[in-house]
Amino acid sequence: MTVSGETPRPYTLVAELTYRCPLACGYCSNPLELARHADELDTAAWREVFAGAAALGALQANLTGGEPLVRQDLTELVAAAHAQQLYVNLITSGIPADRARLAQLAAAGLDSVQLSVQDVDPRGAAWIAGRDDLDAKLQVAAAVRELGLPLTLNVVIHRGNIARVPEFIALAERIGAERLELANTQYLGWALANRDALLPAHADIEQARTVAAAAADRLRGKIEILFVRPDYYADRPRACMDGWARRYIVVTPDGLVLPCHQATSIQGLSFESVRARPLAAIWSDSPALRAYRGDAWMPAPCRTCDERHADFGGCRCQAFALVGDAGATDPACALAPTHVIVRDARARADQADVPTTAAAPPAIRLRRMRTTA
Amino acid sequence: MIGPQSRVRLAAKARLQRDRVTGKQFLLYPERGLELSDSAARIVAACAAERAVAAIVDELTAASGEPRERIESEVLSFLGALDDRGLLVVT
């Protein structure tokens, strides 16, 4: 279907409640210019966002950040999303949380918790996140399970921790997670700045994938295991956000309405704020959200590709970051004229030594709130 | 493997909810949702409390007037799909 006039129905609201975070992960999906978004929406404004998203058809609300737990009004926000009948997922590092706080959130209507663990090796965690919190995270996981909430364990995979995929699977079993996301880093923003230190070698990806697939079979019905292959190694682009401004609405801490977490990195697009216009109006007719909706914008070879409605031409942010044109075919696609960029990065990854917990791991640029690009 | 003698109930994380846009039933669970056909929605509704699969098949057969064999195979296949997603407690 070629649509540009018709407004699609969003299913998920991604509410980035704040960009403040105690962690400093070198692959953070927040924008490089964090300080620009420091003027956060208040409780009442978020309440309107939840109502607006639910009216558009959203069924899921992912409360994320930064670290959503640093919002003092998080319990009220959970209650507000719950009041709109949204299925409320808390996407958190678990820092800072304790059982009492989690119990409050559960009572307010929280439906599920996705807890991130950066590494099970303290040196690895300190390398990628600037600190190690594994013990505190394990306590959070235990509290989540005691409260009867479903728990997803999320681990972002990169060359510093890919060797420990079996340990992440064992951890998921031990803490009673019902879902394990082994999500390979997406090389945008902070992660793109650190790509040469983070992109695993091909053989390591394939080995981790084999281990994850075997565990998925063994644990079927108990733990759902997702291994998201890095698009750099996939030869076809990922269906980024299930298409531009199609199924997901992302709202930034300061109220911008985006099609994905990274979209402010694209120069030349002007995203609108819920402070200026209602969410429904922005969703249906904001020029930035319409820019890459449907397939009318597609260049060759996407335009005539049989897979264009499966992958939507890939990731616009990646096209902009690597090619300088958000309307180009995602260079992760082997059919893209610019695919050599991705092939070169892969070749470098295959030649590099694995850093992980070596005595002198490569320097990476950690995400810091006050840092500007 | 779920059989007629299994006892099943919907996992706590799964929530059956009527969609305000289409009026259809959705089964919501962490970060996901399944849009249910009318017959799937009836099966899910029948799993709200722990039940024997055979009892669910009896109930849906009586309500639909269709052959029991057909209903049973539909119920078993759909419950298997829910179980694969961890959305059922099976005893």
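The values are calculated or read from the model by the stated rules, or taken from the named source; none is laboratory data. Note that the coordinates shown come from a computational prediction; the quantities given were computed from them, not determined experimentally. Because the Cβ atoms are built from the backbone with ideal geometry, glycine has one as well, and the counts that use them run over all protein chains shown. To get the accessible areas, we keep the full protein, side chains included, count just its heavy atoms, and leave off ligands, DNA and RNA. Shrake-Rupley method; radii C 1.70, N 1.55, O 1.52, S 1.80 Å.
Looking for whichever is more than 18 Å from A:R36 (Cα to Cα) and modelled with pLDDT under 95 here; the options are A:G243, A:G294. Which one fits?
Unique residue meeting the criteria: A:G294.
Count of the range A:217-246 residues, restricted to those that are open to solvent by 60 Å² or more (accessible area, probe 1.4 Å) and assigned to a loop (DSSP other than H, G, I, E, B), is 6. Just so you know, in the range A:247-280 the residues that are free of Cβ contacts under 8 Å to residues at least 40 places away in the same chain and open to solvent by 30 Å² or more (accessible area, probe 1.4 Å) include one that is nearest to A:G57 (Cα to Cα), and it is A:R277. In the range A:284-309, the residues that are in a helix (DSSP H, G or I) reach residues that are exposed (fewer than 14 other Cβ atoms within 10 Å of the Cβ) and modelled with pLDDT of 95 or more with C-beta atoms within less than 9 angstrom, at least six apart or across chains, in these pairs: A:P287/A:S270; A:A288/A:S270. Got at least one residue in the range A:184-196 being open to solvent by less than 50 Å² (accessible area, probe 1.4 Å) and without any contact (Cβ under 8 Å) to a residue 60 or more places away in the chain? Yes, the range A:184-196 contains at least one residue that is open to solvent by less than 50 Å² (accessible area, probe 1.4 Å) and without any contact (Cβ under 8 Å) to a residue 60 or more places away in the chain.
Listed conditions (1) free of Cβ contacts under 8 Å to residues at least 24 places away in the same chain; (2) surrounded by 17 or more Cβ atoms within 10 Å (Cβ to Cβ); (3) within 30 Å of B:V90 (Cα to Cα) are all met by A:A214, apart from (2). Filtered by the rule that a residue be open to solvent by less than 20 Å² (accessible area, probe 1.4 Å) and of a type in the set (D, E, K, R), the range A:148-165 gives a lone residue, A:R159.
Tell me which residues, restricted to the range A:217-248, are of a type in the set (D, E), over 30 Å from B:V90 (Cα atoms) and within 14 Å of chain B (Cβ to nearest Cβ).
Residue satisfying the conditions is A:D242 alone.
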